[in-house]
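The values are calculated or read from the model by the stated rules, or taken from the named source; none is laboratory data. From a predicted model like this one, the values you see are computed outputs, not experimental measurements. Glycine also receives a Cβ, built like all others from the backbone with ideal geometry; neighbour counts cover every protein chain displayed.
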Amino acid sequence: MRNDFQPDERIGERAASYADRAVEFARDRLGITLDWSDESVGLIEDILGRLHEDIEKAKPTEGEILQFAKVFGSYMGEVFRKNHGALWGIITLKGRRIFGLQVPDSQMRLWPWLLAQNRIVNGPEDNINYSYKMVITGRPIPLVEKPPIVEDTPPRQWRDRFMDLAIRCRHLIAHH
């Protein structure tokens, strides 16, 4: 097997920060407790589902969608890292380099930012909880051929844009 995964601690540090934002947002805006369990990924699926429902009304930019994908995808990735020993890094698949995780000495892989982005844009057919369960039970998930959104928002502005989108998406800030 050729080495098509390169660990990168900087990606992991960034993802951990994004994941903390997901926990804060879910707690403060939605009254949802994310507890870092495998089961809590189902709550992220619900949150992204609500965002998908409001996408037509909110009309987020691609950059805003990517920010949500990074925040909530990072939470899923950190759950995978904490519970299954995965490392953050860069996965090369079919000539594409994507941010993701892999469990050392295995083929257990997850690309949570791309999965979360696809869930927001495409809807329930890209259920992240289903994909996550496939990975943790040792079944590979297919790489979607659609290219990921490229981020063009300076890092300091992402929080403001994230909150602005959250305000525009009523389903996300309404307590269910």
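Being of a type in the set (G, A, S), farther than 16 Å from G73 by Cα and either modelled with pLDDT of 55 or more or surrounded by fewer than 16 Cβ atoms within 10 Å (Cβ to Cβ) (or both) is the requirement here; does A174 meet it?
yes
What do you reckon, is S17 within 15 Å of the chain's Cα centre (by Cα), polar (S, T, N, Q), within 21 Å of I136 (Cα to Cα) and at pLDDT 95 or above?
no
Of all residues in region 20-46, how many are of a type outside the set (G, A, S) and more than 13 Å from the chain's Cα centre (by Cα)?
Residues flagged as of a type outside the set (G, A, S) and more than 13 Å from the chain's Cα centre (by Cα) within region 20-46 amount to 13.
Taking the conditions exactly as written (of a type outside the set (S, T, N, Q), closer than 22 Å to R10 by Cβ and modelled with pLDDT under 90), does V79 satisfy them or not?
Numbers: of a type outside the set (S, T, N, Q): yes; closer than 22 Å to R10 by Cβ: yes; modelled with pLDDT under 90: no.
No; evaluated as a whole, the condition is false for this residue.
Is it true that some residue in region 49-72 is touching a residue at least 40 places away in the same chain (Cβ under 8 Å), within 21 Å of G138 (Cα to Cα) and under 17 Å from the mean Cα position of the chain (by Cα)?
Among the residues of region 49-72, not one is touching a residue at least 40 places away in the same chain (Cβ under 8 Å), within 21 Å of G138 (Cα to Cα) and under 17 Å from the mean Cα position of the chain (by Cα), which makes the answer no.
Of all residues in region 1-44, which are under 14 Å from V71 (Cβ atoms) and acidic (D, E)?
D20, E24, D28
Just to be sure before I move on: is E64 charged (D, E, K, R), over 24 Å from M134 (Cβ atoms), modelled with pLDDT under 95 and touching a Lys or Arg at 6+ places or on another chain (Cβ under 9 Å) in the structure I sent? Break it down stepwise before answering.
Working: charged (D, E, K, R): yes; over 24 Å from M134 (Cβ atoms): yes; modelled with pLDDT under 95: yes; touching a Lys or Arg at 6+ places or on another chain (Cβ under 9 Å): yes.
Judged against the criteria, E64 is a match.
Keeping to region 109-136, report how many residues are more than 20 Å from Q67 (Cβ to Cβ) and in contact with a His (Cβ under 7 Å, 6 or more places away or on another chain).
1
Can you name the residue in region 98-133 that is surrounded by fewer than 20 Cβ atoms within 10 Å (Cβ to Cβ) and of a type in the set (A, V, I, L, M) and is also nearest to I47 (Cα to Cα) among such residues?
Only one residue tops the list, namely V121.
Of all residues in region 94-147, which are without any contact (Cβ under 8 Å) to a residue 12 or more places away in the chain and among the aliphatic types (A, V, I, L, M)?
M134
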